[in-house]
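We did not get these values from a lab; they are worked out from the coordinates using the rules stated. Remember, it's a predicted structure, so these values are computed and weren't measured experimentally. Heads up, the Cβs are rebuilt from the backbone with ideal geometry, glycines too, and the neighbour counts pull from every protein chain shown.
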Amino acid sequence: MFAVYAAGIDRENPLSVLGVGDLPEPETPDDWVTVHVRAASLNHHDVWALKGQALKAEQVPMILGTDAAGVTDDGREVVIHAVLGDPEAGGGDETLDPGRTLLSERYPGTIAERVRVPARNLVDKPAELTFEEASCLPTAYLTAYRMIHTRSGTAEGDTILVQGAGGGVATALIVLGKALGRTVWVTSRDEDKRAWALEIGADAAFESGARLPGKVDAVMETVGEATWSHSLRSLRPGGRIVVSGATSGPNPPADLNRVFFLQLSVVGSTMGTIGEFRELLDLMARTGLRPVIDRVLPMDQAAEAIGALASGDVRGKLVLTP
Ligand SMILES: NC(=O)c1ccc[n+]([C@@H]2O[C@H](COP(=O)([O-])OP(=O)(O)OC[C@H]3O[C@@H](n4cnc5c(N)ncnc54)[C@H](OP(=O)(O)O)[C@@H]3O)[C@@H](O)[C@H]2O)c1
């Protein structure tokens, strides 16, 4: 079966261990369902896998990819919920199941001709969305949706700050933030990306680390070390940072004086439940909102797409088709 996979682990040069070609059909539980992949989207998670931060050396070769939309053997058009977990084990929330995993961590991922998943993880693809659009939603958009809707403590009319402008999650935070009625401020290191963030709907865009015209109600943080102290400085008293990633590093100074004196909250967020995923799909179908796609490439050009992701040279989602 044609697949894009981690053939090894290389922290310094992840592209050197990217495999593109035929692999034997992987083994999966018998009661799982086959999905013929029509489109799969990439995430920084795929770079982390090649670098050995989301995958161990003894697990390779491992097919990459957490996200896909496709068709089952009986013709059902589906999008895959990327969290493999038991809601009961997480008190009603599969993202809190201590044993939860994503596709491409313990089981083969989605960037292949076919992927097998538990039946519970199949969600009907709204007819309004193309396969390419639907494939963008399971990780970046679901993560952004839960960050704003469930974890940020903000309401319509509140102001959120999104750190970083080009990334998959950052872009999702901008467009979903607007759709959910928030005022959205954005930072980026890059002038062109700041201009582009305004084009896709941000209310204001600032240079990374810039002094803002006012304090925000919540910060959406995926960059980590490079932006953390700015995130803390940007919050109003009682404000909240929602953190779902640390691309530039996980250990910034905590600045505890600021945290307790201003009574700030630091809240983690990871992926979302299947219920939140259905809400997100419904929001997209109802409002006409669509994910921002940087480019769509055939799977055999995965190296170009993963190279762009590793270097940060992206504006929205990268989609691969078989
Ligand atoms: N917890 C979860 O469930 C979950 C889900 C999805 C993603 N994530 C994590 O979230 C992060 C983003 O994921 P993604 O797929 O959106 O990745 P991505 O597309 O590669 O994101 C790149 C972003 O990071 C910013 N950035 C990178 N290095 C920076 C630096 N040194 N200084 C300032 N900004 C920097 C860029 O902002 P500029 O505009 O400044 O270039 C850009 O917005 C990753 O760490 C990923 O693992 C977590």
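Hey, what do the phi angles of the stretch 39-50 turn into as Karplus ³J(HN,Hα) couplings, whole Hz, using 6.51/-1.76/1.60 and θ = phi - 60°, x for Gly and Pro?
Rounded to whole hertz, the list is 7, 10, 10, 8, 9, 4, 3, 5, 5, 4, 4, 4.
Quick check: the distance between the Cα centres of the stretch 42-69 and the stretch 73-116, to the nearest angstrom?
Centre-to-centre distance over Cα atoms comes out at 14 Å.
Could you run the Karplus curve 6.51 cos²θ - 1.76 cosθ + 1.60 with θ = phi - 60° over the stretch 110-123 and give me ³J(HN,Hα) per residue in whole Hz, x for Gly and Pro?
Per residue, the Karplus-derived 3J(HN,Hα) values read 9, 8, 6, 4, 9, 9, 10, 9, x, 4, 4, 8, 8, 10 Hz.
Restricting to DSSP loop positions (anything but H, G, I, E, B) with no more than 15 other Cβ atoms inside 10 Å of their own Cβ, which trypsin sites (Lys or Arg not before Pro) remain in the stretch 68-172?
Passing both the DSSP loop test and the Cβ count: ARG76, ARG106.
Could you tell me the distance between the Cα centroids of the stretch 13-38 and the stretch 220-240, to the nearest Å?
Each part reduced to its Cα centre gives a spacing of 38 Å.
Given q = 0.15 Å⁻¹, what are the Debye log10 I(q)/I(0) values for the stretch 22-137, with equal point scatterers placed on the Cα positions and solvent ignored?
Log10 I(q)/I(0), no solvent term: -0.65.
What does the charge count around GLY157 come to, taking other residues whose C-beta lies under 10 Å from its C-beta (Lys +1, Arg +1, Asp -1, Glu -1)?
That works out to -2.
Considering amide H positions built from the backbone, and no H for Pro or chain starts, which residues 5 or more places from THR247, or on another chain, come under 5 Å of its amide H?
The answer is VAL223, GLY224.
I'd like to verify something in the chain: which complete DSSP H helices, judged by Cα projection on the helix axis, reach 18 Å or more and average at least -1.0 on the Kyte-Doolittle scale? Walk me through the numbers before you get to the answer.
Values: long enough: 274-287 (20 Å, 0.13).
Answer set is 274-287.
How about the stretch 183-255: which trypsin sites (Lys or Arg not before Pro) there lie in a loop by DSSP and see at most 11 other Cβ atoms within 10 Å?
Answer in residue order: ARG211.
Give or take rounding to whole Å, what are the principal axis extents of the alpha carbon atoms in the chain, in descending order?
Ordered largest first, the chain gives principal extents of 56, 42, 39 Å.
Treat every Asp and Glu Cβ in the chain as -1 and every Lys and Arg Cβ as +1, leave all other atoms uncharged, and give the resulting dipole magnitude about the Cα centre to the nearest 20 debye.
For the chain, the charge dipole is close to 1160 debye.
Quick one: 3J(HN,Hα) in Hz for the stretch 28-35, Karplus 6.51/-1.76/1.60 with θ = phi - 60°, rounded, Gly and Pro as x.
Each residue's phi maps through the Karplus curve to give 9, x, 4, 8, 6, 10, 7, 10 Hz.
Residues with amide H under 5 Å of MET62's amide H, sequence separation 5 or more or different chain, H placed in the peptide plane at 1.01 Å from N; which?
Sorted by chain and number, the residues that satisfy this are ALA6.
Could you work out the longest stretch of the chain that avoids the GluC sites (Glu not before Pro) located in DSSP loops with at most 11 other Cβ atoms within 10 Å?
Maximal segment without exposed cleavage sites: 157-322.
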